[in-house]
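Coordinate-derived values only; no laboratory data. The model shown is predicted, which means the values in this text are computed figures rather than measured ones. For neighbour counting, all protein chains shown are included, and Cβ atoms are generated from backbone atoms with ideal geometry for every residue, glycine included.
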Amino acid sequence: MAEEKAVKKAVKWYKENQATYKKLSRKVEKIIKRLLEDKDIYYHSIENRAKSIESFKRKAKKDKYKKPLNEITDLAGIRIITLFEKDVYEISDLIKEVFKIDYENSEDKADLLDADKMGYKSVHYIGTLTDELIDLKEFNTFKNLKFEIQIRSILQHAWAEIEHDRNYKLKGNLPKHLQRRFYSLSGMLEMADREFNLLAKEVDDYKEKVKEITRNGEIDIKTNKTSLQKYLLAEFREEIKEDIIEPTFQSESESNNILKELDRYGIWDLVKLDSIIPKEIHEVILKKIDSSSELNFISLLRLLMIINDHRKYFEKVWKRDFNILDNDSVKIMKKYDVPIKKLAEEYEFDIEIR
C-alpha cells in the first residue's frame, strides 16, 4: 500500500482540484460529441465524470501506486457506449486523431484476454489535450491534465456492469462456478456483437439498394402490381423501347398469379427481385431477341426466376402455371445453361422452338 502520508497528500490535492477535472471531463465529452456528429456516427450514449473523493482514496491506497498523484490517470473520465462493436474501433481511430494518447497506459481489454478466455472487453485510452487545443483560452487551464476515454458496445457494457455489480456485492469473491457462467455469457454476447455487426452492414446495404431502386421514393419497395410495373418499366426501358418486351401483365388474374409465384420463390420486395437479375441480362435480351418477341412482364419474371435457380422455381413455385414456354424464353434459358428439355420432360410442359 502507498505510504499513508503520500495518500493523505494526494487526497488533499484532489479535493482541491476535483472541480477542474469535472470541467475537463465535460469539455472532452463536448469535443467527442461534436466530432461524432460531424462524422455522422451514431452512438448509444456518452457520459462524463470526475472520480469521486472516496474512489480516489481507495485507489490511492493500492500497493501498485507509490506516487498516486502521478500514477492515477483516470481522474476525469468519458465513457462512450456504441450500438455495435464495429463502431468501437471506428470511434477509436477518431479519438487518436484529436487527442494526444498515452499508448503506454492505454489498452484494448480484448487484447489482454488469452485466446481461450472470455470476459470484459473495452477500449481504454489515456489522453491529454493537443497543443492546438491548449492554445485556446477555454482549454489552457487543462494543460498536461490526463483523462480516460472508455469505448465499448452496449452488449459489452451490459455484461461489464452486471458482472461488476455481482462481484462488488461479494467483494470480488464470486465463486468459480458463477464466474464460469459469467464468462460463458460473455462468449455468447461476443457472438451476438459479431452478428449485430453483420446485420448492421446488411441493413446499410439494403438502405442503399432501396435508394437506388426507388429513385428517391418514386417506387413502393414492396412487390405489388404497381411497384413491379414501375420497376420493370425503369429496369428494362431499353428493351421496351425496342419493342422486345411488351410492358403488360396481360390481365388482373395473371398479375395476381405472378405475385404469388414471386412470393413462393421468396421475393417480397424489389430489392430481392433486383438481386436475382444478372448484370448482363439486358445485353443478352437485346442480342438474342428481336421485335417480334412474345416476352411480356409475366414471362420476363418467370424467366428471371428460372435462370436464377431453375430447381428452386420448379420445386417450390411451379404449379402448372403454364403449359408451354415461348421460344424467346427458351433461347435465353439456354444461354444460362438451364436444362430446359430435361425440365420439360420432368414437369410435363411443352417448349416452343423455332
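Computed values, structure above
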| read-out | value |
| --- | --- |
| Length-normalised contact order for segment 1-82 - Cα pairs under 8 Å, 6+ apart - percent | 49 |
| Dipole magnitude of the chain about its Cα centre (Cβ charges: Lys, Arg +1; Asp, Glu -1), debye to nearest 20 | 3200 |
| Nearest-ten-degree value, helix 176-214 long axis tilted from longest Cα axis of the chain | 50 |
| Those residues of segment 317-354 whose amide nitrogen sits under 14 Å from the label point placed on K287, 7 Å along Cα→Cβ | 332-337 |
| From the C-alpha gyration tensor of segment 19-115, square roots of 5λ in Å | 26, 18, 12 |
| Relative contact order %, the chain, counting alpha carbon pairs below 8 Å whose residues are six or more apart | 11 |
| J(HN,Hα) series, segment 239-245, from Karplus relation 6.51 cos²θ - 1.76 cosθ + 1.60, nearest Hz, glycine and proline x | 5, 5, 4, 8, 6, 8, 10 |
| Furthest towards positive pole of dipole, F84, W13, Q156, structure part the chain, Cβ charges | W13 |
| Cα lying deepest toward the dipole's positive end in the chain, options A50, V203, A192, charges on Cβ | A50 |
| Gain on full stretching of the segment that runs from S55 to K312 - 0.36 nm per residue minus C-alpha separation | 86.1 nm |
| Order by protection proxy (mean Cβ within 10 Å, highest first), peptides 131-138, 279-286 | 279-286, 131-138 |
| Inter-probe distance in nm under a simple model that places probes 7 Å from Cα toward Cβ, at V203 and K176 | 4.1 |
| Extension gain from K30 to K8, taking 0.36 nm per residue of separation minus the Cα-Cα distance | 4.7 nm |
| Under 5 Å, built H, 5+ apart or other chain: amide partners of L325 | D350, I351, E352 |
| Largest-first principal axis extents of the Cα set of segment 225-351 (Å) | 36, 30, 26 |
